[in-house]
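The values are calculated or read from the model by the stated rules, or taken from the named source; none is laboratory data. A quick note: this is a predicted structure, and the numbers were derived from the prediction, not measured. In this analysis, Cβ positions are derived from the backbone assuming ideal geometry, glycine residues included, and neighbour counts consider all displayed protein chains.
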Amino acid sequence: MTTLDYSTQAPPSSGSDSKWIHEATRVCTSAAQGDLEARILNIDEKSEFAPMLHAINHLLDMTDAFVREAGASLSFASEGKYFRRVLPEGLLGTFGQAGAIINAATIQMGAEASQLHEAEQERGELINDITAAKDVSSDLAQSTEDIEKMSGVISTIAYRTNLLALNATIEAARVGEAGKGFAVVADEVKKLANQSAEVTKEIQTNVAAIKVASTETVGSIDRIWKVLDHQVKARDAAVSGKALDTED
Amino acid sequence: MTTDTPLTGNERFFDEDEIIVSKTDTKGRITYANRVFLRVAGYTEAEVMGKAHNIIRHPDMPRCVFRFLWDRIADKHEVFAYVVNKCKNGDHYWVFAHVTPTLDHNGRIIGYHSSRRVPSQTALDTVKPLYKELLELESRYRTPREQWQASLPVLVEKLESMGVTYDELIFKLCA
């Protein structure tokens, strides 16, 4: 590819007009290459080129101002600071319009970031609640186990009480008439023991149902917790610019 | 480098669509001034080229403001400030200045660029009494160093009491 590099051509030695044309070419070439620093200095106001040379400087000043403004605003936004607006003063026409577009974008980004922040806070609270619910449900599971154990003990007591009542009935029969009253008492004790056994059975049936329900609850809470945890990690990864799978 | 020309108390203005542009080398010597700069400050290009930028320093500017700015720009931050400048004939003009370091390919500071725009009235209403207070405090000290060392904490404290960073305050004022 052949490019004309005016900047390395020596200025013609004669004629101030040629000198200004060379200066204009040098500055415009640098600008086209992305160097917005160069300006034409010591412009000879008597030269017929003076208005053109000033216009070139002015164009460069405006372009430079826009590039600095846009760059500053967007680099602040990339750091999560959305208050740094492109200053509209002095940016005319398309420069101003582009600046307004950037400002609208950073305002929108700021609004979305604050919504995201609120959602994050809500999710944080939700995680706290879920964690608490998780603790409560595992406490519940523990209590159910305890009730199950206790009802086992009660069931054993009922069984042995029943045996005792049976023995008492036999002993009462052996002493004949004198033991009649005692036989009535033993019979009542036996009835109570049977009632206890029945109630214990009911308790055990209920406890079994509670156990199934609480296992399901713990499972659901666990799944919800995992989903939230994954979302939080994905969000953190997105913010730090890393994909999830590159984390480990 | 500030000029001894007596102040006239006369304020100059420039158009809202205009930007005053100047560039300096790392020592603060002017390497470029645009036509708006020269017209408003009342100098010719030849008069300002190579001169220290504080040729337009106005005595009403508290030292701590410049100190604060230079500390930040040395960290390669862009800086903003409301500044009153002095014209060649002793007139003055208020600007909303934006100063950025110009970096080379290795990220080294090779100069400074300043764009100055018309300041908002809201900003001037806030800044003028603040500068007056800071200046009054500085006037009790003799050396420039003593002056900014006394007033800089007051400026920082003011910002803290407003609960905003310097940049946030600037953008609130110019909105």
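If I go through the stretch A:59-95 residue by residue, how many of them are more than 7 Å from chain B (Cβ to nearest Cβ) and part of a helix (DSSP H, G or I)?
19
When the stretch B:42-55 is examined, which residues are found to be at the interface with chain A (Cβ under 10 Å from one of its Cβ atoms) and either in contact with an Asp or Glu (Cβ under 7 Å, 6 or more places away or on another chain) or aliphatic (A, V, I, L, M) (or both)?
B:ALA46, B:MET49
Answer yes if at least one residue in the stretch B:56-72 is within 14 Å of chain A (Cβ to nearest Cβ) and either surrounded by 14 or more Cβ atoms within 10 Å (Cβ to Cβ) or of a type in the set (Phe, Trp, Tyr) (or both), and no otherwise. Please lay out each step first, then the result.
Step one: list which residues in the stretch B:56-72 are within 14 Å of chain A (Cβ to nearest Cβ), which gives B:72.
Imposing the further condition that a residue be either surrounded by 14 or more Cβ atoms within 10 Å (Cβ to Cβ) or of a type in the set (Phe, Trp, Tyr) (or both) reduces the set to B:72.
There is at least one residue in the stretch B:56-72 that is within 14 Å of chain A (Cβ to nearest Cβ) and either surrounded by 14 or more Cβ atoms within 10 Å (Cβ to Cβ) or of a type in the set (Phe, Trp, Tyr) (or both).
Does A:PHE83 satisfy being at pLDDT below 90 and surrounded by 15 or more Cβ atoms within 10 Å (Cβ to Cβ)?
yes
In the stretch B:6-41, how many are assigned to a loop (DSSP other than H, G, I, E, B), touching a helix residue (DSSP H, G or I) at 6+ places or on another chain (Cβ under 6 Å) and at the interface with another protein chain (Cβ under 8 Å from one of its Cβ atoms)?
So the answer is 3.
Let me spell it out: the conditions are (1) closer than 16 Å to B:PHE171 by Cα; (2) within 8 Å of chain B (Cβ to nearest Cβ), and A:ILE43 meets all of them except one. Which number is the exception?
(1)
Taking A:ARG123, is it surrounded by 14 or more Cβ atoms within 10 Å (Cβ to Cβ) and farther than 19 Å from B:ARG117 by Cβ? Give the steps one after another, and end with the answer.
Working: surrounded by 14 or more Cβ atoms within 10 Å (Cβ to Cβ): yes; farther than 19 Å from B:ARG117 by Cβ: yes.
Yes: the conditions hold for A:ARG123.
Could you check the stretch A:121-162 and list, in sequence order, the residues that are polar (S, T, N, Q) and either in contact with a Gly (Cβ under 6 Å, 6 or more places away or on another chain) or under 22 Å from A:ALA208 (Cβ atoms) (or both)?
If the condition is that a residue be polar (S, T, N, Q) and either in contact with a Gly (Cβ under 6 Å, 6 or more places away or on another chain) or under 22 Å from A:ALA208 (Cβ atoms) (or both), then A:SER137, A:SER138, A:GLN142, A:SER143, A:THR144, A:SER151, A:SER155, A:THR156 are the ones that fit.
Against the condition more than 13 Å from chain A (Cβ to nearest Cβ), in contact (Cβ under 8 Å) with a residue 12 or more places away in the chain and of a type in the set (Asp, Glu), how does B:ASP125 come out, does it pass?
Judged against the criteria, B:ASP125 is not a match.
Would you check which residues across the stretch B:92-122 are without any contact (Cβ under 8 Å) to a residue 12 or more places away in the chain and not basic (Lys, Arg) and list them?
Filtering the stretch B:92-122 down to residues without any contact (Cβ under 8 Å) to a residue 12 or more places away in the chain leaves B:104-106, B:108, B:121.
Matches in the stretch B:92-122: B:ASP104, B:HIS105, B:ASN106, B:GLN121.
Taking the conditions exactly as written (within 10 Å of chain B (Cβ to nearest Cβ), touching a helix residue (DSSP H, G or I) at 6+ places or on another chain (Cβ under 9 Å) and in a helix (DSSP H, G or I)), does A:MET52 satisfy them or not?
In short, no.
All but one of (1) in contact with a Leu (Cβ under 7 Å, 6 or more places away or on another chain); (2) over 30 Å from A:GLY90 (Cβ atoms); (3) within 14 Å of chain A (Cβ to nearest Cβ) hold for B:ARG117; which doesn't?
So the condition that B:ARG117 fails would be (2).
Checking the structure you have, find out if any residue of the stretch B:136-143 is within 14 Å of chain A (Cβ to nearest Cβ), farther than 21 Å from B:ARG29 by Cα, outside any helix (DSSP H, G or I) and modelled with pLDDT of 90 or more.
Kept after step one, since they are within 14 Å of chain A (Cβ to nearest Cβ), are these residues of the stretch B:136-143: none.
Checked against the condition, which is being within 14 Å of chain A (Cβ to nearest Cβ), farther than 21 Å from B:ARG29 by Cα, outside any helix (DSSP H, G or I) and modelled with pLDDT of 90 or more, the stretch B:136-143 yields no hits at all.
Quick check on the stretch B:73-101: of everything there that is polar (S, T, N, Q) and under 23 Å from B:ALA46 (Cα atoms), which residue is surrounded by the fewest Cβ atoms within 10 Å (Cβ to Cβ)?
Taking the candidates together, the pick is B:ASN89.
Select, from B:THR122, B:THR165, B:THR143, the only residue that is of a type in the set (Val, Ile, Thr) and over 26 Å from A:VAL86 (Cα atoms). Show your work before the answer.
On the way: B:THR122 fails: over 26 Å from A:VAL86 (Cα atoms); B:THR165 fails: over 26 Å from A:VAL86 (Cα atoms).
Going through B:THR122, B:THR165, B:THR143 in turn, just one is of a type in the set (Val, Ile, Thr) and over 26 Å from A:VAL86 (Cα atoms): B:THR143.
Does the stretch B:93-105 include one or more residues that are outside any strand (DSSP E or B) and among the aliphatic types (A, V, I, L, M)?
no
It is to be established whether one or more residues within the stretch B:78-88 are out of contact with any His (no Cβ under 6 Å at 6 or more places or on another chain), assigned to a loop (DSSP other than H, G, I, E, B) and touching a residue at least 40 places away in the same chain (Cβ under 8 Å).
Yes, that holds for at least one residue.
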